[in-house]
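In what follows, a structure is listed as structure tokens, so that the remarks can point back to it.
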Ligand code: SF4
């Protein structure tokens, strides 16, 4: 038996673990002493490796390249030579006929690692000559990246996960850490034990609300109104740090002009929260010697998400809670490497290291390094994944090369997404499982999985961590970056890499933010946080030292905006709000956790629709009863789960189940800046189904 050091492939907490391997099979995972987890793991960390054994509980592993030569035909197993030749030929043809921007690509925020994401964006930019490369950050923390880049200069957590417990006040907004990041939730608990005040803003009585000093049970869809009311109280009661704001922030007067209309008493009808509670929350927040603002999808999956992120960062700025330990802004990233995918430039507007694609000097630098003519580099921001269905239906996107993503499960309004896919000429899926999206592909390229290769992930607090290869892969599968390199070479751009480290070092040379993060340093330190600009730099546990912000003026930008209602509000026909949520034992599209026996046994039928007893009574629905949930876009069947912890007027479902996927119901009202869909809010009706 041997033990291989690795990093959990699920959430952005970045927990370290050891995989115990016997005769090329993983037999268990043990918690390791990582910086963020310190010898603990959650359920997914302990039991989430079993999918590597191809359990076929949900869907089989992909083990052989396959091609569907014409629409409607079955897949044919082919050799790698044929798969690469055919795919390269089709992509080349589409590029020549319709131009580079007719092809969309994705990186992956999951187990592929940073090196592969670097190679994928290089393929898009140097070989296809398009900035059409994106990842699932678009449907989760895209608004955090866009909002924080504007207000503070970096689209990431300002401080560290292990620092949360030292904060004296936590403002937890739209973030159910007990289900989405259980090991981060432990830090919240520890902070509480050390005497921190906890303020939770969430429509449901989530786990964290049970230990909170205040639970502000706001109405669904009222985030901006509440954040503005917070700002109003800080200014009106003169609770804000005037000296700090004068020295380190800009935009106070414009901010004041907006929030003056959001006195807590005036917006009670919007937020549903008594004004005295809003005032009390800000008195607590402002009085704390250190405070951290944390948020999750309850902030970012709305049509006004970027504004709310900017408003939350303004609360930190107004109270001087930046630039030192135990304070700051904490958008806790969802997938294990979604921070890394963004770091590596799997974004339509950024090269690796957050370097702007519209900057000619930056384009020249990458063109020189990649030995291509700069005139061939795309100088416009590329397409976002949430725009693909629309652009495909308009005939503007013709081909989609998808690596480790499952849009036909995870994106809003699946009916729309399916119509978009039907309009595409060519779909390539590079994955480990036969996902919903893989089922409709023209070419399947089977890749090695986490556990079968090593690399580097970035966890939610900007920490780079190496993970190792534990077992040899079965079947005819290849490493993701090897597949991409073969395609690039076949398309006339020779691309050859021998190792992860070779790719990593090429990336470092091009990214000042990451230059000092060598493989050796990660090996020694275990967790190195960017910025790390030089070889002797130890990394940066908290950003904005001396309150210097990475904005054009060096000052933090205060921001408020008028509240906008969600796009589709309840009415007589569809009287309830549907909000999508997570469950602790499963992850993302569930292709990995659904194939782990221990996790699968936690729940064996579609995620139930959670509802309040008053709504259930009104509709005559009993706990556990089968129900139809309908929206204007579709319907799904599931069971009711009735609980006082759910607010009246709203129902909640997870999107992970293959039958009854609630994204059949959601709608894609996109935030105008980040293009993130409003999957936290649409109108639905429920109908009980009589027992036969
Ligand atoms: Fe894995 Fe996240 Fe659980 Fe840690 S908290 S073990 S990273 S799923």
Review point. Among the residues of the stretch 636-644, is there at least one that is buried (at least 17 other Cβ atoms within 10 Å of the Cβ), modelled with pLDDT of 85 or more and farther than 29 Å from residue 303 by Cβ?
Key: yes
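Please verify whether residue 210 is within 16 Å of the ligand (Cβ to nearest atom) and out of contact with any strand residue (DSSP E or B) (no Cβ under 7 Å at 6 or more places or on another chain), treating the condition exactly as stated.
Details: within 16 Å of the ligand (Cβ to nearest atom): no; out of contact with any strand residue (DSSP E or B) (no Cβ under 7 Å at 6 or more places or on another chain): yes.
No; evaluated as a whole, the condition is false for this residue.
Evaluate the following for residue 567: is it surrounded by fewer than 24 Cβ atoms within 10 Å (Cβ to Cβ), more than 23 Å from the chain's Cα centre (by Cα) and in contact (Cβ under 8 Å) with a residue 24 or more places away in the chain?
Values: surrounded by fewer than 24 Cβ atoms within 10 Å (Cβ to Cβ): yes; more than 23 Å from the chain's Cα centre (by Cα): no; in contact (Cβ under 8 Å) with a residue 24 or more places away in the chain: yes.
No.
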Taking the stretch 461-501 and keeping residues out of contact with any helix residue (DSSP H, G or I) (no Cβ under 6 Å at 6 or more places or on another chain), within 16 Å of the ligand (Cβ to nearest atom) and more than 26 Å from residue 60 (Cα to Cα) leaves 462, 463, 465
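Looking at the stretch 473-498, which of its residues are at positive phi and modelled with pLDDT under 95?
475
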Subset of the stretch 382-397, residues surrounded by 14 or more Cβ atoms within 10 Å (Cβ to Cβ) and over 20 Å from the mean Cα position of the chain (by Cα), comes to 390, 391, 392, 393, 396, 397
Here the residues within the stretch 53-75 that are surrounded by 12 or more Cβ atoms within 10 Å (Cβ to Cβ), within 15 Å of residue 441 (Cα to Cα) and more than 26 Å from the chain's Cα centre (by Cα) are 64, 65, 66, 67, 68, 69, 75
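Check 404, 415, 323 and return the single one that is closer than 27 Å to residue 445 by Cα, surrounded by fewer than 24 Cβ atoms within 10 Å (Cβ to Cβ) and touching a residue at least 24 places away in the same chain (Cβ under 8 Å). Write out each step before concluding.
Working: 404 fails: surrounded by fewer than 24 Cβ atoms within 10 Å (Cβ to Cβ); 323 fails: closer than 27 Å to residue 445 by Cα.
Only one candidate qualifies: 415.
Evaluate the following for residue 546: is it without any contact (Cβ under 8 Å) to a residue 60 or more places away in the chain and in a helix (DSSP H, G or I)?
On the way: without any contact (Cβ under 8 Å) to a residue 60 or more places away in the chain: no; in a helix (DSSP H, G or I): yes.
So residue 546 fails the test.
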Next item on the list: Restrict the check to the stretch 352-366 and report whether at least one residue is closer than 23 Å to residue 497 by Cβ, touching a helix residue (DSSP H, G or I) at 6+ places or on another chain (Cβ under 7 Å) and surrounded by 24 or more Cβ atoms within 10 Å (Cβ to Cβ).
Entry: yes
Reported set for the stretch 553-577 where residues are more than 13 Å from residue 683 (Cα to Cα), touching a strand residue (DSSP E or B) at 6+ places or on another chain (Cβ under 6 Å) and part of a loop (DSSP other than H, G, I, E, B) is 555, 558
Residue 295: passes all of (1) buried (at least 21 other Cβ atoms within 10 Å of the Cβ); (2) farther than 28 Å from residue 529 by Cα; (3) in contact with a helix residue (DSSP H, G or I) (Cβ under 8 Å, 6 or more places away or on another chain) but (2)
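Look through 603, 622, 614, 597 and report the one residue that is over 25 Å from the mean Cα position of the chain (by Cα), modelled with pLDDT under 90 and surrounded by fewer than 23 Cβ atoms within 10 Å (Cβ to Cβ). Give the derivation first.
Values: 603 fails: over 25 Å from the mean Cα position of the chain (by Cα); 622 fails: modelled with pLDDT under 90; 614 fails: modelled with pLDDT under 90.
None of the other options fit; the residue is 597.
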Regarding residue 58, is this residue in contact (Cβ under 8 Å) with a residue 60 or more places away in the chain and over 25 Å from residue 528 (Cα atoms)? yes
In the stretch 18-52, anything surrounded by fewer than 20 Cβ atoms within 10 Å (Cβ to Cβ) and either within 11 Å of the ligand (Cβ to nearest atom) or within 18 Å of residue 459 (Cα to Cα) (or both) is listed as 18, 31, 33, 38, 39, 40, 43, 46
### Task
Could you please let me know if residue 254 is at negative phi and in a helix (DSSP H, G or I)?
yes
With criteria (1) part of a loop (DSSP other than H, G, I, E, B); (2) surrounded by 17 or more Cβ atoms within 10 Å (Cβ to Cβ); (3) away from the ligand (no atom under 16 Å from the Cβ), residue 86 comes up short on (1)
Pairs returned, first residue in the stretch 177-189 that is closer than 20 Å to residue 213 by Cα and without any contact (Cβ under 8 Å) to a residue 12 or more places away in the chain, second residue that is assigned to a helix (DSSP H, G or I) and within 9 Å of the ligand (Cβ to nearest atom), beta-carbon separation under 8 angstrom, 6 or more apart or interchain, are none
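What do you reckon, is residue 632 touching a residue at least 40 places away in the same chain (Cβ under 8 Å) and touching a strand residue (DSSP E or B) at 6+ places or on another chain (Cβ under 8 Å)? Before the answer, list the steps.
Details: touching a residue at least 40 places away in the same chain (Cβ under 8 Å): yes; touching a strand residue (DSSP E or B) at 6+ places or on another chain (Cβ under 8 Å): yes.
Considered against the rule, which asks whether it is touching a residue at least 40 places away in the same chain (Cβ under 8 Å) and touching a strand residue (DSSP E or B) at 6+ places or on another chain (Cβ under 8 Å), residue 632 comes out as yes.
The values are calculated or read from the model by the stated rules, or taken from the named source; none is laboratory data. On a predicted model such as this, the values are computed, not experimentally measured, just so you know. Heads up, the Cβs are rebuilt from the backbone with ideal geometry, glycines too, and the neighbour counts pull from every protein chain shown.
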